[in-house]
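The values are calculated or read from the model by the stated rules, or taken from the named source; none is laboratory data. Since we're looking at a predicted model, the values are computed, not measured. Cβ: placed from backbone, ideal geometry, glycine included. Neighbour counts: every protein chain shown. The area values use the complete protein model at the heavy-atom level, side chains included, leaving out ligands, DNA and RNA. Shrake-Rupley method; radii C 1.70, N 1.55, O 1.52, S 1.80 Å.
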Amino acid sequence: MQVRLRHFETGRHLHSHYGFVEPATGQNEVTVYGDQTQSDENDHWVVERWGSGAYGQTWKATDPVVLRHYVSGMVLCSRDLPMTGDIQPVMCSGAGHAEDDKWRVVLDC
């Protein structure tokens, strides 16, 4: 499933470009871009169930997922590398098998 993720407060899309390196980590940079009317293919992410052999299986609401950048094929991850204050960087890197590649969807209805 392809999705575009939008920041709640700014309305901008989660965005990455292949080959644009984030200086603090050396990994592909992840930024925000556009708005409700402006977007491009670099805002597209593929939601996959985390773990080997997950393709084609039924998911549970509590299963961790991987967010794979549609253009680069790299996954959204977060490393414990504080930048400034309590800001933690996110970047695109790797194949999606590391623990810090996992994300959970929380539905607050």
Return the pairs, sorted by first residue and then second, in which the second residue is part of a loop (DSSP other than H, G, I, E, B), the first residue lies in segment 58-77 and is among the small types (Gly, Ala, Ser), the beta carbons are less than 8 Å apart, and the residues are 6+ apart or on different chains.
Ala61/Val105; Ala61/Leu107
List pairs: first residue in segment 20-43 and farther than 23 Å from Gln88 by Cβ, second residue among the polar types (S, T, N, Q) and open to solvent by 70 Å² or more (accessible area, probe 1.4 Å) anywhere in the structure, Cβ distance under 9 angstrom, at least six positions apart or on different chains.
Asp35/Thr10
Checking the structure you have, find out if any residue of segment 22-31 is assigned to a loop (DSSP other than H, G, I, E, B), among the acidic types (Asp, Glu) and in contact with a strand residue (DSSP E or B) (Cβ under 8 Å, 6 or more places away or on another chain).
yes
Taking the options Arg12, Arg49, name whichever one is open to solvent by 50 Å² or more (accessible area, probe 1.4 Å) and at pLDDT 90 or above.
Arg12
State which residue pairs qualify: first residue closer than 21 Å to Ala24 by Cβ and inside segment 87-109, second residue open to solvent by 90 Å² or more (accessible area, probe 1.4 Å) and in a loop (DSSP other than H, G, I, E, B) in any location, beta carbons under 9 Å apart, and separation of 6 or more residues or different chains.
Gln88/Asp80; Gln88/Pro82; Pro89/Pro82; Pro89/Met83; Asp100/Asp80
Does segment 30-39 hold any residues that are open to solvent by less than 50 Å² (accessible area, probe 1.4 Å) and farther than 28 Å from Ala61 by Cα, and which are they?
Gly34, Ser39
Taking segment 1-21 and the residues there that are part of a loop (DSSP other than H, G, I, E, B) and closer than 24 Å to Ala98 by Cβ, the one that is nearest to the chain's Cα centre (by Cα) would be Leu5
Within segment 63-95, tally of residues that are modelled with pLDDT of 85 or more and either within 25 Å of Asp108 (Cα to Cα) or in contact with a Phe, Trp or Tyr (Cβ under 9 Å, 6 or more places away or on another chain) (or both)
16
